[in-house]
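Visitor: To start, I am sharing the structure in question, which I have written as structure tokens.
The values are calculated or read from the model by the stated rules, or taken from the named source; none is laboratory data. Computed from a predicted structure; not experimentally measured. Glycine gets a Cβ as well: all are built from the backbone with ideal geometry, and neighbour counts include every protein chain shown. Accessible surface is based on the protein model in full, side chains and every heavy atom, while ligands, DNA and RNA are left aside. Shrake-Rupley method; radii C 1.70, N 1.55, O 1.52, S 1.80 Å.
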Amino acid sequence: MTRIDTTTRGAAVAVRGLVKHYGQTRALDGVDLEVREGTVMGVLGPNGAGKTTLVRILSTLLQPDTGEAYVAGYDVVRQPRQLRRVIGLTGQYASVDEKLPGWENLYLIGRLLDLPRKEARARADELLERFSLTEAARRPVRTYSGGMRRRLDLAASMIGRPVVLFLDEPTTGLDPRTRNEVWDEVRRMVGDGVTVLLTTQYMEEAEQLASELTVIDRGRVIAGGGIEELKAKVGGRTLRIRPADPVQLRPLAAALDGLGITGLATTTVDAESGTLLVPVLSDEQLTAVIGAVTARGVTLSSLSTELPSLDEVFLSLTGHRASAPQDAVPGPEIREEVAV
């Protein structure tokens, strides 16, 4: 197998032909993936698609059956100890020590990462402040709420200033305010040059953070690219027509439905916004609809086209709606924090 050259391509993560079995289940079935340095790659997929298995392999918690992967220039199989010192990981479950106070959790991880005592203390203080945990810093983690534990877990993954950060469903169960705090911190880290691989089933999260997306289903990559690029692949657009006179809404809808344009979907009347929503699949359909509106002499206040939502893209590509974040691939449950 040809060795992956990550240095010349500017890829912080490079994967080729990754395969992983759990018994008869093929959790990963030849995954190829590249994440450019200093970007956020969003990995989407339904439950059991293999997202968490991919993260566990890239963070050295599992070994692949075949294939190869490099992270920050290190071979995930042959150089795990070196790799663990330059990555951070937040899994689906909080992995901090519940008996220790929050501050001591962060300080301990900093020391395990060979930070000097003074720097480990300062870093713990800084991250507790960023995640609004300063007041609870000296309390045992067992007294924290679920959201507080999640924020501490995220802080723990960042204490070593990782070059590559793996976030596996990082905002599961968080309230909107805390979720926004996490997003702000991810953006801040990316601004500092950190590369992030993010698995999520929150479409809003993917659109907020990711510059590129990879969609996985049944262990295979089925689509990839920029968000707008993926939306365009679905092939559908919505023409949004707003007549100046709302009285024209229903007559115009009836007229468009009666055009007989091949493949044109039914027009939807959105009375609340005073618009007609017309799904179109081709430029020819778009031209025909606009021509019909013009021919009727209807005065318009606005006319625009919209690509499908990311949620609609996900459904179109996988045949599943995004559901509760949880990777259902069988296998050992691993909750360790990669820190040493």
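Visitor: Specify whether the C-alpha gyration tensor of the range 165-207 places it in the rounded, prolate or oblate class, a ≥ b ≥ c being the square roots of the eigenvalues: rounded for a/c under 1.5, otherwise prolate if a/b is larger than b/c and oblate if not.
Guide: oblate
Visitor: Can you return the lysines within cross-link range of K118? Criterion is Cα-Cα under 23 Å, with same-chain partners fewer than 8 residues away left out.
Guide: Cα-Cα hits under 23 Å: none found.
Visitor: How large is the Kirkwood hydrodynamic radius of the range 71-210, in angstrom, based on all distinct alpha carbon pairs?
Guide: So the Kirkwood estimate lands at 15.3 Å.
Visitor: OK, next. Through the Karplus equation 6.51 cos²θ - 1.76 cosθ + 1.60, θ set to phi - 60°, convert the phi angles of the range 51-60 into ³J(HN,Hα) values in whole Hz; use x for Gly and Pro.
Guide: Here the 3J(HN,Hα) series is 4, 5, 4, 4, 5, 5, 5, 5, 9, 6 Hz.
Visitor: Work out, in µm²/s and without decimals, the Stokes-Einstein translational diffusion coefficient of the chain at 4 °C, 1.567 mPa s, Rh from Kirkwood over C-alpha pairs. Before the final figure, lay out the partial values.
Guide: On the way: Rh = 22.3 Å.
Translational diffusion coefficient: 58 µm²/s.
Visitor: A further question on this structure: Give the shape of the range 47-148 as rounded, prolate or oblate, defined through the alpha-carbon gyration tensor: a ≥ b ≥ c are the square roots of its eigenvalues, a/c under 1.5 means rounded, and otherwise the shape is prolate if a/b is larger than b/c and oblate if not.
Guide: Note, shape of the range 47-148 comes out oblate.
Visitor: Something else: Please report the antiparallel percentage of DSSP beta bridges with both residues in the chain, rounded to the nearest 5. Don't skip to the answer; put the middle values down first.
Guide: Details: 36 of 53 bridges.
Antiparallel bridges make up about 70 percent of those DSSP assigns within the chain.
Visitor: Counting C-alpha atoms alone, how compact is the range 204-287: give Rg to one decimal and Dmax as a whole number, in angstrom.
Guide: Radius of gyration, then largest Cα-Cα span, for the range 204-287: 17.1, 52 Å.
Visitor: If you don't mind, another one. So between L300 and R177, what do we pick up on full extension, going 0.36 nm a residue minus the alpha carbon distance?
Guide: Contour length minus Cα-Cα distance gives 40.3 nm.
Visitor: For every helix of n ≥ 4 consecutive DSSP H residues, a contribution of -39,500 (n - 2.57) applies; sum these over the chain, divide by its total residues, and give [θ] at 222 nm rounded to the nearest 500 deg cm²/dmol. Don't jump to the answer; show the numbers that get you there.
Guide: Working: 11 runs with 113 residues, N = 340.
Helix-only estimate at 222 nm: -10000 deg cm²/dmol.
Visitor: Compute the acute angle (0 to 90°) between the alpha-carbon long axis of helix 117-130 and the principal axis of greatest extent of the alpha-carbon atoms of the chain; round to the nearest 10°.
Guide: In the chain, helix 117-130 runs at an angle near 30 degrees to the longest axis.
Visitor: When the accessible area of the chain is computed with all protein chains present and a 1.4 Å probe, what percentage of it is carbon and sulfur?
Guide: The value for the chain is 48 percent carbon and sulfur by accessible area.
Visitor: Below 17 Å, Cα to Cα, which lysines can K51 reach? Residues fewer than 8 away in the same chain don't count.
Guide: K20
Visitor: Sticking with this one: To the nearest 20 debye, what charge dipole does the chain have about its Cα centre, counting +1 at the Cβ of each Lys and Arg and -1 at the Cβ of each Asp and Glu?
Guide: 860
Visitor: Note down the nm distance, to one decimal, between modelled labels 7 Å out along Cα→Cβ at L100 and at E207.
Guide: Modelled inter-label distance: 4.0 nm.
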